Amino acid sequence: MLYEAFLLLALWFIADYLFIALTHNVHSPFEKIALQLYLLLVTATYFIWFWMRGQTLAMKTWRIRVVNTAGGAITFQQALRRFAVATVLIGVSQIWGLFDRDRLFLHDRLSGTRLVRTDV
């Protein structure tokens, strides 16, 4: 998760720079909310895009892949549900994995996905 956070931080810097360049500043409450929603959308797009292809950049490094319960690629709906639950229940979802009988995180259990090790 820490490695993923570093990658996200770099992505947020670029996205924030583009937002500020286009709006010329972020002073009004509307622009601040718009920036936060924009960064949430950028984050969701990053995770959903890579999860639907099996791995984020950090997951490739650690040789982990996200799959559906049958072992295949996950759908857009599964990736969106996985992101939403992981975002709303951040921390709780990960702690759940310590007590789950199949060692699944809560966002994996609720989205019908699981993490598997890869050889390559």
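Summary of computed values
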| read-out | value |
| --- | --- |
| Phi-based couplings in Hz for the range 89-105 (Karplus 6.51, -1.76, 1.60; Gly and Pro marked x) | 10, 4, x, 5, 4, 6, 5, 3, x, 5, 10, 5, 5, 9, 6, 9, 5 |
| Using θ = phi - 60° and Karplus 6.51 cos²θ - 1.76 cosθ + 1.60, couplings along the range 69-79 (whole Hz; Gly, Pro as x) | 5, 8, x, x, 5, 8, 8, 4, 4, 5, 5 |
| Relative contact order (%) - the chain, alpha-carbon pairs under 8 angstrom, separation at least six | 23 percent |
| Net dipole in debye of the chain [+1 Lys, Arg Cβ; -1 Asp, Glu Cβ; about Cα centre; nearest 20] | 420 debye |
| Rounded tilt (10° steps) of 29-52 against the dominant C-alpha axis of the chain | 30 degrees |
| Semi-axis lengths (Å, descending) of the ellipsoid that matches the C-alpha gyration tensor of the range 2-117 | 30, 15, 13 |
| Additional length obtainable on full extension of the chain from Ala84 to Asn68, 0.36 nm per residue less Cα span | 4.1 nm |
| Least to most buried among His24, His107 (fewest other Cβ within 10 Å first) | His24, His107 |
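Throughout, read-outs are computed from the coordinates displayed, never taken from laboratory work. Everything numeric here is computed off the predicted structure, so don't read it as measured data. Methodologically, a virtual Cβ is constructed for each residue, glycine included, from the backbone with ideal geometry; neighbour enumeration extends over all protein chains shown.
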